[in-house]
Amino acid sequence: MEITWHRTRVGLIEQSQDFTARNRTGIDVGRVYLIDGGPDDQRWYWTFILGHSQFRMSRVSGVQRSRANAYEQVAKAYQLYLETPGSEGGGLSRIPVRKTANSDGTPRR
């Protein structure tokens, strides 16, 4: 599992305390940014953005005291995603395609 971190861009403007995680193929997998204000002021919000259905019910976002801890949470979520079957919303595999039977009822091979 390999993640690289890049400053998040909004249009042409690079954000100073906002980072996007990308996997080795260039797909965005998460985001971490500094919270400015409110009860979590100066803490780091993290979110993992892949997966669906059952997988999204697991821990895919939160708040941490440090950027390093937030990075770690995104990495943990990504590892879990890679280990979770596609049928459960993860990236390990996809739901297998069922082969239809031949006209005589025997399974296709």
Net charge around Ser16, counting only other residues with Cβ within less than 14 Å of its Cβ (Lys, Arg = +1; Asp, Glu = -1)?
0
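Could you tell me which trypsin sites (Lys or Arg not before Pro) in segment 1-42 are loop residues by DSSP with no more than 15 other beta carbons within 10 angstrom of their beta carbon?
Values: sites: Arg7, Arg9, Arg22, Arg24, Arg31; in loops: Arg24.
Answer in residue order: Arg24.
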Sum of side-chain charges, Val60 neighbourhood, beta-carbon under 13 Å (Lys, Arg +1; Asp, Glu -1)
+4
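Quick one, what does Rg over Rh come out to for segment 1-94 if you take C-alpha atoms and the Kirkwood Rh?
On the way: Rg = 13.7 Å, Rh = 13.7 Å.
For segment 1-94, the value is 1.00.
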Given a Förster radius of 30 Å and the C-beta distance between Arg7 and Gln79 as r, what FRET efficiency does 1/(1 + (r/R0)^6) yield to the nearest 0.05?
0.80
What ³J(HN,Hα) values, in whole Hz, does the Karplus curve 6.51 cos²θ - 1.76 cosθ + 1.60 give for segment 75-90 when θ = phi - 60°, with x put for Gly and Pro?
4, 5, 5, 5, 4, 4, 4, 5, 8, 9, x, x, 5, 10, x, x
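A short reminder: the numbers here are calculations on the coordinates, not readings from a lab. The model shown is predicted, which means the values in this text are computed figures rather than measured ones. Heads up, the Cβs are rebuilt from the backbone with ideal geometry, glycines too, and the neighbour counts pull from every protein chain shown.
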